[in-house]
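Bear in mind that the values in this text are calculations on the coordinates, not laboratory data. Being a predicted model, the structure only gives us computed values, none of them experimental. So basically every Cβ, Gly included, is an ideal-geometry build from the backbone, and we count neighbours across all protein chains shown.
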Amino acid sequence: MSQREIIREFEQEQRSRFQFVQMIADRASRPQNIETLQRVGVMSSLHLLIQEVSPGIQQTAALALGRLADHSIDLAKVIVTEDILPQLVHSFPSKNRFYKKAAAFVFRAVAKHSPDLAQAVVACGGVDAMFLCLEDFDPGVKEAAAWALGSVAQHNELLAQSVVDVGAVPLLLLCLREPEMALKRMAASTLSDICKHTPELAQAVVDTGAVAQLALMIRYRDAKLKRQVFSALSQISKHSVALAEMVIEAEIFPAALACLRDPDEYVRKNVTTLMREVVKHSPELSQVIVNCGGMSSVIDSLGECQGSLRLPGIMMLGYIAAQNENLAMGIILSKGVQQLALCLSEEREQHIKAAMAWSIGQIGHHTPEHANAVAKEKLLPSLLQLYMEASSSEDLQVKSKKALKSILQKCTYLPALEPLLYDAPSNILKHVACQFSKVLPHDSKARRLFVTSGGLKKVQEIDAEQGSPLQEYINAINSCFPEEIVRYCTPGYSDVLLEKVENYQLATHQRM
């Protein structure tokens with residue numbers, strides 16, 4: 001066989017292997033093929049092909065591995081147990097950008113599934129390799145590396161710390177300054193994944209000057225970038241007053257409020273989430289958001305969205321109201337209670353209802369004026385229903401009960417309390433009766449209305465245990481009325497009167 005024939009045969013064999021690995025990579029892109037590929041032992045073949053001399057075969061094999069791991073946690077585990085990850089890391093320095101992107105894809109696809117798999121990526125040197133990729137000239141390599149690092153950092157504090165420890169944060173910050181939009185998005189996303197775990201990790205990001213750089217990004221038109229930027233700022237703000245103040249000092253408000261009108265619903269949600277994380281820390285930070293128009297803007301926006309998109313705004317109002325009675329009254333005057341009442345009537349998800357119950361309780365628990373404002377929106381029967389429904393989750397029942405009791409203890413608007421006399425269980429009824437016992441002695445019009453509406457009669461029908469607080473409140477209510485009126489409203493008294501009438505007629509007939 002001539003030299004030319006040998007070379008031709010060798011080239012033919014190389015082409016065959018490339019076609020084979022390309023076929024696997026193509027098939028691996030379709031989820032319906034994963035189980036079949038796994039059954040025929042695709043990992044063994046790819047394990048061999050990843051060691052090929054040909055760069056084209058190597059990078060295509062890595063692409064196939066990434067696609068398989070991306071679809072299946074079981075195959076991701078096989079990649080780890082077969083020691084494929086160290087082979088990818090070992091050949092990194094000498095490879096081209098296509099191989100680096102494919103290998104980063106494998107690291108990302110493996111790490112995303114669980115903390116244990118992410119730890120395997122760290123242990124094999126994958127995070128160090130991704131750090132080197134962040135220094136690459138190619139933006140696509142940097143983007144792939146940032147994505148892989150985010151997949152590692154997202155799981156827990158230790159994994160995020162491993163990303164910080166290799167020095168990735170300053171390089172991610174440099175990625176924010178690159179012109180490529182996709183790279184900016186991924187860098188912001190990874191910074192968000194690092195910041196979310198602890199104040200220390202968030203501080204490590206802040207110390208690189210990230211807040212100022214992220215603040216510049218909110219003026220970009222790209223919706224996906226703004227989503228990630230507001231997410232990162234939220235994750236920084238949530239940990240402490242000091243970190244939230246650093247975000248405020250970057251002067252992102254009121255400019256960020258313009259993004260509440262952004263066409264992208266998730267941009268709007270993340271802006272609201274950022275404000276929620278700021279206002280929860282202190283009255284002063286809440287006042288900053290209120291002063292720049294954040295509270296009123298969020299109240300308006302609640303009427304323009306549904307479901308989970310409402311949740312940050314609902315919670316934000318609760319956090320503001322919890323700070324002090326003046327801020328809570330600001331929500332009332334801005335028609336925030338009416339908006340929450342509307343949301344409560346429209347939403348079906350129990351965790352959203354629970355958040356609304358909590359926020360309503362935070363608004364109404366301060367003073368009688370706050371409680372009456374809530375009561376006038378007919379929210380007390382709604383809270384009672386949520387508490388009593390068997391289908392309500394435990395969290396929803398607990399939050400509804402707590403909100404209801406805290407509002408009842410301040411409420412003096414009797415027309416809103418009276419319907420509860422007919423439906424509330426004894427543990428709630430005692431709070432209702434208590435408020436009547438406080439108000440009726442000092443309000444003659446309320447006493448008259450209480451009789452004519454049937455409220456006093458209903459009180460007499462309550463079966464209260466002797467000596468219980470509920471019975472004491474009933475006694476206090478009865479003492480506000482003449483004895484004959486109380487007797488008249490007592491169950492069975494009409495029968496007594498009729499019997500007296502009959503006896504009277506009989507006695508009269510006998511005398512005649």
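Could you tell me how many cubic angstrom of Cα convex hull volume the range 217-369 has per residue?
Hull volume over Cα atoms, normalised by residue count, gives 97 Å³.
Identify the residues of the range 144-175 with backbone N under 19 Å of a label point that sits 7 angstrom from the Cα of Ala212 along the Cα-to-Cβ direction, or state none.
It comes to 169-175, nothing else.
So what's the angle, to the nearest 10 degrees on a 0 to 90 scale, between helix 350-364 and the longest Cα principal axis of the chain?
In the chain, helix 350-364 runs at an angle near 50 degrees to the longest axis.
Chymotrypsin sites (Phe, Trp or Tyr not before Pro) within the range 115-182: which are DSSP loop residues with at most 15 other Cβ atoms inside 10 Å?
Those satisfying the criteria are Phe137.
As I understand it, the dipole of the chain uses +1 on the Cβ of Lys and Arg and -1 on the Cβ of Asp and Glu, about the Cα centre. Which of Ala446, Ile407, Cys480 lies farthest toward its positive end?
Comparing the listed Cα positions along the dipole, Ala446 ranks first.
What's the magnitude of the charge dipole for the chain around its Cα centre, counting Lys and Arg as +1 and Asp and Glu as -1 at the beta-carbon? Answer in Debye, nearest 20.
With Lys and Arg at +1 and Asp and Glu at -1, about 880 debye.
Report the full-extension gain for the segment Ser345 to Met181: residue separation times 0.36 nm, less the Cα-Cα distance, to one decimal in nm.
54.9 nm
Among Val163, Val267, Gly467, which residue has its Cα furthest toward the positive end of the charge dipole of the chain, with +1 on Lys/Arg Cβ and -1 on Asp/Glu Cβ?
In the chain, that residue is Val267.
Working out 0.36 nm times the residue gap between Ala242 and Ser426, then minus their Cα-Cα distance, what length gain in nm do you get to one decimal?
Using 0.36 nm per residue and subtracting the Cα-Cα distance, I get 61.7 nm.
With just the Cα atoms defining each centre, how far is the range 419-451 from the range 109-141? Give it in Å.
The distance from the Cα centre of the range 419-451 to that of the range 109-141 comes to 65 Å.
How far, in degrees from 0 to 90, does helix 3-28 lean away from the longest principal axis of the Cα atoms of the chain, to the nearest 10?
For helix 3-28, the angle is close to 0 degrees.
From the list (i) 202; (ii) 162; (iii) 218, can you say which value of volume of the Cα convex hull per residue in Å³ was derived from the structure given?
(i)
Beta carbons within 10 angstrom, averaged per residue: use that to sort the peptides 474-486, 392-404, 316-328, highest first.
For the peptides 474-486, 392-404, 316-328, the packing ranking is 316-328, 392-404, 474-486.
Which semi-axes, in whole Å and largest first, does the equivalent ellipsoid of the range 334-379 have when worked out from the alpha carbon gyration tensor as the square roots of 5 times its eigenvalues?
Values for the range 334-379, descending: 19, 11, 8 Å.
If I take R0 = 45 Å and measure r between the Cβ atoms of Ile73 and Glu325 in this structure, what FRET efficiency does the formula 1/(1 + (r/R0)^6) give, to the nearest 0.05?
Efficiency at R0 = 45 Å is approximately 0.30.
May I ask for the angle, rounded to the nearest 10°, between helix 139-153 and the longest principal axis of the chain, with both axes built from Cα atoms and the value confined to 0 to 90°?
That helix lies at roughly 50 degrees to the long axis.
Where the centre of each part is set by its Cα atoms, how far does the range 189-232 sit from the range 357-399, in angstrom?
Here the two parts' Cα centres lie 36 Å apart.
Suppose each label sits 7 Å from its Cα in the direction of the beta carbon; what would the Gln409-Arg448 distance come out to in nanometres?
3.4 nm
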